[in-house]
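The values are calculated or read from the model by the stated rules, or taken from the named source; none is laboratory data. What you are looking at is a predicted structure, and each value in this text was computed from that prediction instead of being measured. With ideal geometry, Cβ positions are generated from the backbone for all residues, glycine too; neighbour counts draw on all protein chains shown. SASA here: full protein model, heavy atoms, side chains in, ligands and nucleic acids out. Shrake-Rupley method; radii C 1.70, N 1.55, O 1.52, S 1.80 Å.
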Amino acid sequence: MVCIYLVQRQSGEAHSATRNRFIYWRTNNDVLELVEECLDHNLIGSQLRFCFQDTPILGGISVHEFQDYIIILVATVASVHRIVFPHPNKLPKPEVHYAASCQPVLSVFFDASLTSACDPQNKHMLNPGGSITSQLYGAATYLTSDGEALYAIASSMGSVMLVILPAQGVQGVVQQFDLSQSTVMKKLWTGLVPAMMRGWEEPF
């Protein structure tokens with residue numbers, strides 16, 4: 001049995017979802033806590049907690065804003081997740097009568113559900129083999145301009161697992177690559193060093 005201990009992390013800064021609205025996140029082992037704040041209005045349903053049972057979160061949380069969605073990328077020791085929320089501009093306005101400045105509005109987390117969070121198109125269980133046989137201890141995430149979700153997950157053996165989820169709402173195949181030190185260095189050596197300096201290698 002392998003014991004994995006990961007320190008508590010938090011966003012450290014607010015991620016702006018739109019004007020005067022911000023998202024903070026914090027992780028503690030297998031728990032992700034999300035809070036949305038607004039400088040102009042009180043928010044309804046603005047706090048959310050996800051528990052990835054017995055699968056510690058690796059860090060590298062990232063928050064991204066698209067025209068219709070707010071997307072949060074999460075990597076754990078066993079899976080990767082794309083958590084999708086509606087953009088604030090797409091939320092209905094509650095029918096509550098207050099002065100304009102006191103009007104409460106819906107948070108992007110208001111209608112969050114376990115069903116939407118577990119959408120098979122937005123998660124991927126890491127395949128056994130390669131670096132998954134060693135301890136995973138860190139991650140970085142990124143969302144491309146085309147909407148593809150990228151997860152780079154580091155292992156204790158010095159290799160990096162790269163997982164690519166297709167864009168939100170696009171049918172496609174999840175791609176997983178194992179980038180070991182030897183293969184990366186060989187590619188760098190081949191690409192950067194002229195062939196005449198690699199005299200002991202076979203010509204192309």
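Within the range 33-63, can you find the residues that are open to solvent by less than 40 Å² (accessible area, probe 1.4 Å) and closer than 22 Å to M161 by Cα? Within the range 33-63, F52, T55, P56, I57, L58, G59, G60, I61, S62, V63 meet the criteria.
Just to verify a result, which residue in the range 158-167, among those that are assigned to a loop (DSSP other than H, G, I, E, B) and under 12 Å from G138 (Cα atoms), is least open to solvent (accessible area, probe 1.4 Å)?
So, considering only residues that are assigned to a loop (DSSP other than H, G, I, E, B) and under 12 Å from G138 (Cα atoms), the one least open to solvent (accessible area, probe 1.4 Å) is S159.
Can you say whether F85 is of a type in the set (F, W, Y) and modelled with pLDDT of 90 or more, as far as the supplied structure shows? Against the criterion (of a type in the set (F, W, Y) and modelled with pLDDT of 90 or more), F85 qualifies. Filtered by the rule that a residue be closer than 20 Å to Y151 by Cβ and out of contact with any helix residue (DSSP H, G or I) (no Cβ under 7 Å at 6 or more places or on another chain), the range 27-50 gives T27, N29, D30, V31, L32, L34.
When the range 165-183 is limited to residues that are among the β-branched types (V, I, T) and more than 13 Å from A149 (Cβ to Cβ), the one that is modelled with the highest pLDDT turns out to be V173.
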